[in-house]
Amino acid sequence: MTTFVDRVELHVVAGNGGHGCASVHREKFKPLGGPDGGDGGRGGNVVLVVDPDVTTLLEYHHRPYRKATNGKPGGGGHRTGADGQDLVLPVPDGTVVLDRNGEVLADLVGAGTTFVAGQGGRGGLGNAALASPRRKAPGFALLGEPGDEREIILELKTVADVALVGYPSAGKSSLISVLSAARPKIADYPFTTLVPNLGVVTAGTTVYTIADVPGLIPGASQGKGLGLEFLRHVERCAVLVHVLDCATLESDRDPLTDLDVIEAELAEYGGLDDRPRLVVLNKTDIPEGQDLAEIVRPDLEARGLRVFEVSAVSRKGLKDLSYALAALVTQAREAKPKETATRVVIRPKAVDDAGFTVTMEGEGFFRVRGDKPERWVRQTDFTNDEAVGYLADRLNRLGVEEELVKAGAREGDGVAIGGDDDAVVFDWEPSVTAGAEMLGRRGEDHRMNPLRPAAARRRDREARRRDAAQQEFEEFSPFD
């Protein structure tokens with residue numbers, strides 16, 4: 001059974017916001033006590049948090065679908081719905097979050113580092129929050145927004161100071177077992193190590209971590225063997241150690257050739273040219289291995305490499321090696337730029353930024369994009385005429401109708417608000433020219449309902465009275 005997973009595809013769904021409540025307070029002798037509908041609760045977020053106790057992504061390999069809880073709807077009596085609980089997912093230190101296209105969304109390094117992978121939806125406002133001097137008792141409430149739903153990729157890159165690289169069976173696992181307290185699997189066959197192993201080494205006053213990367217072979221950067229799967233674990237290491245087998249039984253291999261092959265694979269992978277290197281000639285406790293080490297050492301030193309002859313069995317040369325690695329790690333830590341406190345950058349909104357865009361996508365078809373218009377559409381109950389009128393009022397106040405006119409839209413043209421997947425499409429009917437004709441009673445909207453007969457008769461009488469007064473003024477005007 002797999003016990004180590006360093007790459008998974010995770011499907012996360014944040015919680016939906018709760019719907020607002022449309023309610024009117026009623027009690028004895030007070031049948032219409034005003035709106036008292038409460039707001040809906042916020043949906044829960046999906047949050048990734050670095051946990052030092054987690055070392056693998058195995059949990060998400062078995063359960064790749066995760067969902068946060070929804071917010072509760074509001075209630076009468078000004079009762080606000082409960083917020084949904086955030087879903088906290090612990091991940092190992094060094095986890096990289098990518099989208100489906102491979103773009104890096106977050107690089108989680110350091111205990112406690114967080115990333116919101118899915119934002120919960122906002123709760124809808126109840127009719128109590130929507131009341132105004134003009135709309136004293138709204139007969140509608142706003143719907144809760146749906147939470148984010150996305151697929152992300154989690155990749156684990158081991159966070160270590162030193163990486164041991166080399167051919168399979170070169171003795172990397174044996175070396176890390178004697179340098180630290182790590183106990184990796186050791187056997188006399190290739191690809192014994194199937195997962196990176198981490199160990200902690202103390203050399204004087206310096207404490208550093210060392211990683212045993214699974215064996216590399218020619219073509220590892222193209223996916224052969226285990227190289228492509230685990231080469232990313234070398235990226236974060238400050239020092240690279242080439243472990244060369246001086247007692248190999250394969251006739252077509254020697255330490256110099258092995259070094260050239262591994263360096264070629266590292267160069268093909270890219271991004272590792274600036275890391276300091278050391279060369280370890282391993283298995284020198286065997287006479288043939290000692291003889292081969294003495295032969296190849298001058299050639300390695302001629303390349304400018306520091307060479308250490310060691311033996312994991314007899315522990316020869318391990319002390320010098322550990323102190324040399326400690327010195328390189330110390331230099332790398334000192335050269336690393338010191339982290340400064342993150343500055344909060346405030347970017348005020350531009351004066352001419354309307355918060356939305358109107359684009360023409362064909363003859364007689366326009367699309368409106370923007371956070372506010374799209375959010376308002378998602379929160380509108382289209383089965384309620386008053387809610388639709390309220391949406392039209394908000395869009396008009398935002399300036400959507402004016403921009404449509406400037407873009408060349410005419411009555412009857414198609415207008416879509418939102419993206420291709422979740423757009424709301426309607427036939428545009430210009431309704432506002434000056435704004436004064438929008439004044440009216442709660443729920444009245446001449447775009448949705450015809451004028452009531454009583455109101456029409458009253459307006460006709462007022463118009464006739466004004467006409468008569470104007471005519472009388474003109475007949476007896478002293479200025480004639």
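The values are calculated or read from the model by the stated rules, or taken from the named source; none is laboratory data. Here the structure is a predicted model, which means the values were calculated and not measured. Methodologically, a virtual Cβ is constructed for each residue, glycine included, from the backbone with ideal geometry; neighbour enumeration extends over all protein chains shown. Heads up: the accessible areas ignore ligands, DNA and RNA and are worked out on the full protein's heavy atoms, side chains in. Shrake-Rupley method; radii C 1.70, N 1.55, O 1.52, S 1.80 Å.
Condition check ((1) touching a Leu at 6+ places or on another chain (Cβ under 6 Å); (2) more than 24 Å from VAL54 (Cβ to Cβ); (3) without any contact (Cβ under 8 Å) to a residue 12 or more places away in the chain) across all residues:
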residue: VAL104; (1), (2), (3): yes, no, yes
residue: VAL116; (1), (2), (3): no, no, no
residue: LEU125; (1), (2), (3): yes, yes, no
residue: ASP148; (1), (2), (3): no, no, no
residue: LEU154; (1), (2), (3): yes, no, no
residue: GLY166; (1), (2), (3): no, yes, no
residue: SER174; (1), (2), (3): no, yes, no
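Restricting the stretch 247-280 to residues that are more than 11 Å from GLY166 (Cβ to Cβ), touching a strand residue (DSSP E or B) at 6+ places or on another chain (Cβ under 6 Å) and not charged (D, E, K, R), the residue that is least open to solvent (accessible area, probe 1.4 Å) is LEU278.
Under the condition of being part of a loop (DSSP other than H, G, I, E, B), among the hydrophobic types (A, V, I, L, M, F, W, C) and open to solvent by 40 Å² or more (accessible area, probe 1.4 Å), the residues counted in the stretch 117-171 number 4.
Among the listed residues ASP6, ASP53, identify the single one that is surrounded by 17 or more Cβ atoms within 10 Å (Cβ to Cβ), among the acidic types (Asp, Glu) and modelled with pLDDT under 95. Reasoning before the result, please.
Values: ASP53 fails: surrounded by 17 or more Cβ atoms within 10 Å (Cβ to Cβ).
Just a single option satisfies the conditions, and that option is ASP6.
In the list GLU374, GLU361, GLU339, which residue meets the criterion of being surrounded by fewer than 12 Cβ atoms within 10 Å (Cβ to Cβ) and either at pLDDT 90 or above or outside any loop (DSSP other than H, G, I, E, B) (or both)? Let's see the steps before the verdict.
Working: GLU374 fails: surrounded by fewer than 12 Cβ atoms within 10 Å (Cβ to Cβ); GLU339 fails: either at pLDDT 90 or above or outside any loop (DSSP other than H, G, I, E, B) (or both).
It is GLU361.
Take the conditions (1) part of a loop (DSSP other than H, G, I, E, B); (2) open to solvent by less than 10 Å² (accessible area, probe 1.4 Å); (3) modelled with pLDDT of 80 or more; LEU216 misses just one of them, which is (3). Confirm whether ALA131 is in contact (Cβ under 8 Å) with a residue 60 or more places away in the chain and within 30 Å of ASN384 (Cα to Cα). In short, yes. Of the set (1) hydrophobic (A, V, I, L, M, F, W, C); (2) open to solvent by 10 Å² or more (accessible area, probe 1.4 Å); (3) out of contact with any helix residue (DSSP H, G or I) (no Cβ under 6 Å at 6 or more places or on another chain); (4) at pLDDT 80 or above, all apply to ALA238 but (3). Filtered by the rule that a residue be open to solvent by 20 Å² or more (accessible area, probe 1.4 Å) and either modelled with pLDDT under 90 or touching a helix residue (DSSP H, G or I) at 6+ places or on another chain (Cβ under 6 Å) (or both), the stretch 56-76 gives THR56, LEU58, GLU59, HIS61, HIS62.
Residue-level check: of (1) surrounded by fewer than 17 Cβ atoms within 10 Å (Cβ to Cβ); (2) over 30 Å from THR158 (Cα atoms); (3) without any contact (Cβ under 8 Å) to a residue 60 or more places away in the chain, ASP83 misses just (1).
Can you report the number of residues in the stretch 281-298 which are open to solvent by 80 Å² or more (accessible area, probe 1.4 Å) and of a type in the set (D, E, K, R)? Let's see the steps before the verdict.
From the stretch 281-298, those open to solvent by 80 Å² or more (accessible area, probe 1.4 Å) are 287-288, 291, 294-295; that's our starting set.
Within this subset, residues satisfying the condition of being of a type in the set (D, E, K, R) are 288, 291, 294.
Selection size over the stretch 281-298: 3.
For beta carbons closer than 6 Å, sequence separation of 6+ or different chains, a first residue in the stretch 292-310 that is closer than 19 Å to SER322 by Cα and a second that is open to solvent by less than 90 Å² (accessible area, probe 1.4 Å) and part of a loop (DSSP other than H, G, I, E, B), the qualifying pairs are PHE308/GLY317; GLU309/THR284; GLU309/GLY317; VAL310/GLY317. The residue that is nearest to VAL12 (Cα to Cα), among those in the stretch 34-54 that are under 25 Å from the mean Cα position of the chain (by Cα) and part of a strand (DSSP E or B), is VAL46.
Looking only at residues that are in a helix (DSSP H, G or I) and under 15 Å from GLY121 (Cβ atoms) in the stretch 377-390, which one is nearest to the chain's Cα centre (by Cα)? I'd like the intermediate steps shown before the answer.
Residues of the stretch 377-390 in a helix (DSSP H, G or I): 377-378, 385-390.
Imposing the further condition that a residue be under 15 Å from GLY121 (Cβ atoms) reduces the set to 377-378.
Numbers: VAL377: 24, ARG378: 22 Å.
Checked the stretch 377-390; the qualifying residue nearest to the chain's Cα centre (by Cα) is ARG378.
Looking only at the stretch 15-31, which residues are more than 26 Å from ARG150 (Cα to Cα), touching a Gly at 6+ places or on another chain (Cβ under 8 Å) and in a loop (DSSP other than H, G, I, E, B)? Please lay out each step first, then the result.
We begin by selecting, within the stretch 15-31, every residue more than 26 Å from ARG150 (Cα to Cα); these are 21-31.
Narrowing further to those that are touching a Gly at 6+ places or on another chain (Cβ under 8 Å): 21-27.
Passing the criteria: CYS21, ALA22, SER23, HIS25, ARG26.
Per the conditions (1) of a type in the set (Val, Ile, Thr); (2) part of a strand (DSSP E or B); (3) free of Cβ contacts under 8 Å to residues at least 40 places away in the same chain, the sole criterion not satisfied by VAL12 is (3).
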